[in-house]
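The next block holds one structure in the form of structure tokens; read it before the comments.
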Amino acid sequence: MPETPRLPRALARWRLALPLGLLALSAASCGGDDAPELGSPPAGDVTITADAATFTPDEVELPSGREVVVVLEIQDGGLAHNIHFPDVSGDPKTRLEKGPRYQTLTVAFDEPGEYRYVCDLHPTMRGVAVAT
Ligand SMILES: [Cu+2]
């Protein structure tokens, strides 16, 4: 039976190919879920960009005494960022998410003053909102 030794070799090839195929398939579906297109920006009072683990701008001026909408444009594809105002009552923050994507956060500065904004994952990412 000269054909017998060939069969295990073919099976071994299949065993290798199948997991690789499944891996490629799951990686493709993951990419689809986690990396949405950066479409048109949502409406907001100010847009802050998170790119190369830096907030730009690192100082914004916003009115106090009413709700404002802060748009965070996360450009870093491989890094998760959020925006967090630890000095504001209610401790407003977004979820840590990888870009490219937009996030929006509603914040109300009770009184004029300076309010820090940070990314909870990257100590280098910080800025100041000057509420007028
Ligand atoms: Cu970050």
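Using the 1.4 Å probe convention, the accessible area of segment 46-131 works out to 49 Å² per residue with neighbouring protein chains retained. Extension gain, D110 to K98: 0.36 nm times the residue separation minus the Cα-Cα distance gives 1.3 nm. To the nearest 10, the accessible area of L121 is 90 Å² with a 1.4 Å probe. At 1.4 Å probe size, with the rest of the protein present, what percent of the exposed accessible area of segment 46-131 is carbon and sulfur atoms? That share works out to 47 percent.
Derived scalar couplings between HN and Hα for segment 85-94 equal 10, x, 8, 8, 4, x, 6, x, 7, 9 Hz in order, rounded to whole Hz, by the Karplus curve 6.51 cos²θ - 1.76 cosθ + 1.60 (θ = phi - 60°), x for Gly and Pro.
The values are calculated or read from the model by the stated rules, or taken from the named source; none is laboratory data. Fair warning: this is a prediction, and the values are worked out from it, not measured in the lab. Keep in mind that these areas ignore ligands, DNA and RNA; they rest on the heavy atoms of the full protein, side chains included. Shrake-Rupley method; radii C 1.70, N 1.55, O 1.52, S 1.80 Å.
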